[in-house]
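Read the structure below first, then the notes.
The values are calculated or read from the model by the stated rules, or taken from the named source; none is laboratory data. Since the structure is predicted, the reported quantities are computational estimates derived from the model, not experimental observations. Because the Cβ atoms are built from the backbone with ideal geometry, glycine has one as well, and the counts that use them run over all protein chains shown.
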Amino acid sequence: MVHKFLGPAMQGVVGSNLITLSGFLNYIDGLWSSCGDERIIIFTTNRKDKLDPALIRPGRMDVHIHMSYCTPSGFRVLASNYLNITEHEHFEEIENLLSEVDVTPAEVAEQLLKNNDPDAALCGLIEFFDAKRKEIEALARLKEEKAARKKERKEKKQQEDEVKKQQEDGTN
């Protein structure tokens, strides 16, 4: 089921704010057939692999644009656009950090907008990378600890099951 937020054109077509994939496909096919080449519909997703092939087939979605994490060249464009600089002593460090920490161009732009002074803006961006790296490391530690606890519980259950089986075998 697809959550309904399709505007007044879908009023009365569905109940309880949900529609089926088939209903959604019929709706967008109707839009395309009635509008010809005059309409652009934009879909966004973080998980293209989870979309039904019927939705992303040619004719429904003809252009697919992958929006990647920020790259060194993308960072340089952002620095040029927001700070009017093409070189800076911090560029190399930031470009190295970009290879270590995944950040979106929007996150980089947000950090660059915080200060008009290039030195301050780039130092703020480096601090942002450090905070993001620490956050990622903390999440990785939590994940490892959770996996270790799960493994311990599994081993304990196996031991308990073995003891129980031995007790049952001893009483038979």
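Here are the numbers for this structure:
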item: Enumeration of residues in segment 128-158 that are aliphatic (A, V, I, L, M) and over 18 Å from the mean Cα position of the chain (by Cα); result: 131, 138, 142, 147, 148
item: Count of residues meeting criterion [basic (Lys, Arg) and part of a helix (DSSP H, G or I)] in segment 104-115; result: 0
item: Set 85, 126, 41: member being closer than 30 Å to residue 27 by Cα, in contact with a helix residue (DSSP H, G or I) (Cβ under 8 Å, 6 or more places away or on another chain) and either of a type in the set (Val, Ile, Thr) or crowded, with 16+ Cβ neighbours inside 10 Å (or both); result: 41
item: Qualifying residue in segment 133-154 (condition: surrounded by fewer than 16 Cβ atoms within 10 Å (Cβ to Cβ) and not in a helix (DSSP H, G or I)); result: no
item: Residue list for segment 57-76, filter: under 14 Å from residue 106 (Cα atoms) and surrounded by fewer than 13 Cβ atoms within 10 Å (Cβ to Cβ); result: 67, 68
item: First in segment 55-69 and free of Cβ contacts under 8 Å to residues at least 24 places away in the same chain, second anywhere and surrounded by 10 or more Cβ atoms within 10 Å (Cβ to Cβ) and of a type in the set (A, V, I, L, M), Cβ under 9 Å, 6 or more apart; result: 61/41; 61/51; 61/55; 64/56
item: Candidate set from segment 2-38 (those that are surrounded by 10 or more Cβ atoms within 10 Å (Cβ to Cβ), in a loop (DSSP other than H, G, I, E, B) and on the phi < 0 side of the Ramachandran plot); member that is modelled with the highest pLDDT; result: 20
item: Residue check, residue 71 closer than 28 Å to residue 43 by Cβ and either at pLDDT 95 or above or not assigned by TED's automatic domain parsing to the domain that holds residue 43 (or both); result: yes
item: Any hit, segment 90-107, residues being surrounded by 14 or more Cβ atoms within 10 Å (Cβ to Cβ) and in contact with a Pro (Cβ under 6 Å, 6 or more places away or on another chain); result: yes
